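A.B. asks: Got a structure for you, questions after.
Just so it is clear, none of the values below were taken in a lab; they were calculated from the coordinates. Please read these numbers as outputs of a predicted model, since none were measured by experiment. Cβ: placed from backbone, ideal geometry, glycine included. Neighbour counts: every protein chain shown.
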Amino acid sequence: MAEDREILREIWEGRIPMCFVLAPEEVLTMEQPEPFYLLVPRQSYFPLVTDKVRRHFSKYIDTENEGEFWLECEGQPIKWHYPVGLLFDLYGCEDNLPWSLTVHCQHFPDEDLLHCPSKEAVESHFMSTVKEADSLKHRGQVINSMQKKDHKQLWMGIQNDKFEQFWSINRRLMESSGEEMFKHIPYRLYQPDQLVIQKLFRPMGENGEKHTLKDLLDSALPEVFEKEDCLEKKKVLIQGIEVPVCTPTLWLSEHFSYPDNFLHIAVTDRDNGEE
């Protein structure tokens, strides 16, 4: 891995200021709860960071009939199994911080969200995604060669928000396997209210040329990104950053992947006044 440690750490240290507000219809006390503010790591998952939020609002809700905790943004249920940073790139706005989210403890939207009974469910989902990513990159050879304690350290690095703890193991998943760096680039492309796009994509062409982010976008959404004015109308964010489309996908995969080893790419419409 052509490791640029400063970039890896800057990505890891990304934080989003958030404001959590209890849904008005779920407030059962005369006293109205104050909003709860939190600085949340972009690399984390909401079930790992919202214990304080739940405790803050617990005295204002019907605890006897309390259902499963879930979050909403302007009518959109928030998927807990997506990284926090990706969710902000899809539904938040840098010009409107802190990001305001509505807290619910009733009427869980079964049709829109996966149930999350415990933090172990988050760990299981995370490790499953890491294994899928390594299957695409190294045919699963690296993750399968690790011991259970290595898998646990990866997870604990995320849960504890510890850069060194995580990257001391994750660097092995970013190293070359034999002569080939990565067989395919693990990525998923998201658009609001659309199905997630995931296709096989090689980092290098048949003649050894490096495939760029523009090549990936053309492959994933040809009906959008093969148009000349596409980048004037669409905003493409990875880790909250509009990356130049000439950037090699191999470098992006090494440095801009989320901890689950996937490039999570958010594609949204630009605001009318934004050029």
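A.B. asks: Taking the Cβ of each residue in 189, 101 as the centre, tally the other Cβ atoms inside 10 Å and list the residues starting with the fewest.
C.D. replies: Starting with the residue having the fewest Cβ neighbours, the order is 189, 101.
A.B. asks: Find which of 35, 73, 48 sits farthest along the positive direction of the dipole of the stretch 1-81, computed with +1 on the beta-carbon of Lys and Arg, -1 on that of Asp and Glu, about the Cα centre.
C.D. replies: 48
A.B. asks: What residues of the stretch 130-157 lie in the reach of a label at residue 183, counting those whose backbone N is under 17 Å from a point 7 Å from the Cα along Cα→Cβ?
C.D. replies: 130-146, by backbone N distance to the label point.
A.B. asks: Provide the percentage of antiparallel DSSP beta bridges, counting only those with both residues in the chain; round to the nearest 5.
C.D. replies: Around 70 percent of the beta bridges assigned by DSSP in the chain are antiparallel ones.
A.B. asks: Can I ask one more? As a test of the formula, what do you get for the chain when each DSSP H run with n ≥ 4 contributes -39,500 (n - 2.57) and the sum is divided by the residue count, at 222 nm and rounded to the nearest 500 deg cm²/dmol?
C.D. replies: -9500 deg cm²/dmol
A.B. asks: Right, something else. According to the square roots a ≥ b ≥ c of the eigenvalues of the Cα gyration tensor, what is the shape class of the stretch 158-260, taking rounded for a/c under 1.5, prolate for a/b larger than b/c otherwise, and oblate for the remainder?
C.D. replies: oblate
A.B. asks: Here's another thing I want to ask about it. Given a cut-off of 24 Å, name the pairs among 152/235; 79/199; 152/183; 119/235; 59/162 whose C-alpha atoms lie farther apart than that in the structure shown.
C.D. replies: 152/235; 152/183; 119/235; 59/162
A.B. asks: Still on this structure: Highest GNM mean-square fluctuation, the chain, Cα pairs closer than 10 Å: which of 28, 213, 250?
C.D. replies: In the Gaussian network model the winner is 28.
A.B. asks: Here is a follow-up. Read phi for every residue in the stretch 59-65 and hand back ³J(HN,Hα) as whole Hz from Karplus 6.51 cos²θ - 1.76 cosθ + 1.60, θ = phi - 60°, with x for Gly and Pro.
C.D. replies: Coupling constants for the stretch 59-65: 7, 10, 10, 7, 5, 5, 10 Hz.
A.B. asks: For the stretch 6-104, what relative contact order do you get, as a whole percent, if you take Cα pairs closer than 8 Å and at least 6 residues apart?
C.D. replies: It rounds to 39 percent for the stretch 6-104.
A.B. asks: Using volume of the Cα convex hull per residue in Å³ as the read-out, say which of [x] 188; [y] 140; [z] 116 was calculated from these coordinates.
C.D. replies: The calculated read-out lines up with [y].
A.B. asks: Based on Cβ point charges of +1 for Lys and Arg and -1 for Asp and Glu, what charge dipole magnitude is obtained for the stretch 117-250 about its Cα centre, in debye rounded to the nearest 20?
C.D. replies: Computed charge dipole of the stretch 117-250: roughly 560 debye.
A.B. asks: Still on this model: Can you run phi through the Karplus equation (6.51, -1.76, 1.60; θ = phi - 60°) for the stretch 222-238 and list ³J(HN,Hα) in whole Hz, with x for Gly and Pro?
C.D. replies: In residue order, the calculated couplings are x, 5, 9, 8, 8, 7, 5, 9, 4, 6, 7, 9, 10, 9, 10, 10, 10 Hz.
A.B. asks: Per residue Cα convex hull volume for the stretch 6-104, in cubic angstrom?
C.D. replies: So the per-residue Cα hull volume is 101 Å³.
A.B. asks: May I pose another question? Kindly provide the trypsin sites (Lys or Arg not before Pro) of the stretch 200-269 that DSSP labels as loop, not H, G, I, E or B, and whose Cβ sees at most 13 other Cβ atoms within 10 Å.
C.D. replies: Here the sparse-neighbourhood loop sites are 227.
A.B. asks: From Cα pairs below 8 angstrom and at least 6 apart in sequence, can you work out the relative contact order of the chain, rounded to a whole percent?
C.D. replies: In percent, rounded to a whole number, it is 19.
A.B. asks: If amide hydrogens are placed 1.01 Å from N in the peptide plane, which non-local residues have theirs closer than 5 Å to the one on residue 42?
C.D. replies: Those qualifying (amide H under 5 Å, at least 5 residues apart or on another chain) are 14, 15, 16.
A.B. asks: To the nearest 0.05, how large is the calculated FRET efficiency for residue 55 and residue 97 if R₀ is 30 Å and r is the Cβ-Cβ distance?
C.D. replies: In this case the efficiency is close to 0.80.
A.B. asks: Additional query: Could you give me the ³J(HN,Hα) list for the stretch 78-83, computed from phi with Karplus coefficients 6.51, -1.76, 1.60 and θ = phi - 60°, whole Hz, x at Gly and Pro?
C.D. replies: 9, 6, 5, 8, 8, x
A.B. asks: Another question, if that's okay. Give the percent of DSSP beta bridges with both residues in the stretch 6-104 that are antiparallel, rounded to the nearest 5.
C.D. replies: Percent antiparallel among DSSP bridges in the stretch 6-104 is about 70.
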